[in-house]
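For reference, the structure is listed below as structure tokens.
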Amino acid sequence: MSAQQPGDDVYTHGHHESVVRAHAARTAENSAAFVLPYLSPGSTLLDVGCGPGTITCDFAALVSPGKVTGLDRSPDIIAQAQALAVEREVPNVEFAAGNIYDLDFADESFDVVHAHQVLQHLTDPVEALREMRRVAKPGGIVAVRDADFHGMSWYPEIPELDEWMDLYQRVARRNGAEPDAGRRLVSWAQSAGFTDVAPTSSNWLYATAQQRRWQARVWGERVLHSAFAEQALEYGFAEPADLARISAGWHRWGSTGDGWFLIPNGEVIARA
């Protein structure tokens, strides 16, 4: 999910079908549980970098009749989110294309401003947090959650997954992004001027046969076909044969009977 400045920030993941499919599996329950205690009927909420809108629509159901706005920089992804809202019959949500560094809302507009897996893709996450803080109401919250790539762990040891991690780190950092964002959220929030910062963490775990197959299929495709693959080749960090080998490694991991893949996420509830 991304909402970077068009033309400046480069989205490492892109919007290949395999990426959007993975993002569409996210729900408020499995990806934003730390926010749920702060939601109540009538609350207004801005979801920045909303992607295909699954979390956003969940939020809308929880705060109804409060209004929810989902923002993403990709008009194509916004169209998908709008279609989802129609399919789910969620009347109190709207989606628009926009820029996280220059939100088109007045000061103090929302009770909750949320961004999920967004800051890790930005060249200036602190400035983005300042802008999110600007549009939060007094007493409202800014809630952010980001993965920590170097904190990920897996079993069994598969060399191609080590290659994948190294390649992902190189591509993301070449884009000016921070793949280990989760551990930096407190620091970034403080730098953005927040004086009340409550950190938590939660995991995504892929350790059942179905979860392993899903995760392996998603990343097996992304390594070959997504913007990440295109950037790895463009930057000279990999050859097609390297990507094919890493993709095969993902599928080999996914076929194990005892595989484990853990993704830690940093979370922050910040008040001005």
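The values are calculated or read from the model by the stated rules, or taken from the named source; none is laboratory data. The structure displayed is predicted, hence computed values, not measured ones. Reconstructed Cβ throughout: ideal geometry from the backbone, glycine too, with neighbour counts over all protein chains shown. Please note that ligands, DNA and RNA were not included when accessible areas were found on the heavy atoms of the full protein model with its side chains. Shrake-Rupley method; radii C 1.70, N 1.55, O 1.52, S 1.80 Å.
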Positions within the range 133-156 being under 20 Å from Leu45 (Cα atoms) and more than 16 Å from the chain's Cα centre (by Cα), in sequence order
Arg133, Arg134, Val135, Ala136, Lys137, Pro138, Gly139, Gly140, Ile141
Please go through the range 40-76 and pick out each residue that is β-branched (Val, Ile, Thr), surrounded by fewer than 24 Cβ atoms within 10 Å (Cβ to Cβ) and over 14 Å from Phe110 (Cα atoms).
Thr54
For the range 147-162, state whether one or more residues are open to solvent by 10 Å² or more (accessible area, probe 1.4 Å), of a type in the set (Phe, Trp, Tyr) and in a strand (DSSP E or B).
yes
Looking only at the range 13-47, and only at residues there that are of a type in the set (Val, Ile, Thr) and touching a Ser or Thr at 6+ places or on another chain (Cβ under 9 Å), the one that is modelled with the highest pLDDT:
Thr44
Conditions (1) touching a Pro at 6+ places or on another chain (Cβ under 8 Å); (2) among the acidic types (Asp, Glu); (3) exposed (fewer than 15 other Cβ atoms within 10 Å of the Cβ); number of the one not met by Glu178:
(3)
List, please: which pairs have Cβ atoms under 8 Å, are six or more places apart or on different chains, and start with a residue in the range 33-57 that is more than 15 Å from Ala115 (Cβ to Cβ) and in contact (Cβ under 8 Å) with a residue 24 or more places away in the chain and end with one that is surrounded by fewer than 24 Cβ atoms within 10 Å (Cβ to Cβ) and acidic (Asp, Glu)?
Leu36/Glu29; Ser43/Asp111; Thr44/Asp111
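Out of all the residues in the range 181-192, is one or more of a type in the set (D, E, K, R), open to solvent by 70 Å² or more (accessible area, probe 1.4 Å) and either touching an Asp or Glu at 6+ places or on another chain (Cβ under 8 Å) or under 26 Å from Gln231 (Cβ atoms) (or both)?
yes
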Within the range 91-124, restricting to residues that are of a type in the set (A, V, I, L, M) and touching a Leu at 6+ places or on another chain (Cβ under 8 Å), the one that is most open to solvent (accessible area, probe 1.4 Å) is Ala97
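What are the residues in the range 163-176 that are in contact (Cβ under 8 Å) with a residue 60 or more places away in the chain, over 22 Å from Ser201 (Cβ atoms) and part of a helix (DSSP H, G or I), if any?
Answer for the range 163-176, where residues must be in contact (Cβ under 8 Å) with a residue 60 or more places away in the chain, over 22 Å from Ser201 (Cβ atoms) and part of a helix (DSSP H, G or I): Glu163, Trp164, Leu167, Arg170, Val171, Arg174.
Matching residues to (1) over 30 Å from Asp111 (Cβ atoms); (2) surrounded by fewer than 15 Cβ atoms within 10 Å (Cβ to Cβ):
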| residue | (1), (2) |
| --- | --- |
| Ser201 | no, no |
| Gln231 | yes, no |
| Leu243 | yes, no |
| Ser255 | yes, yes |
| Pro264 | no, no |
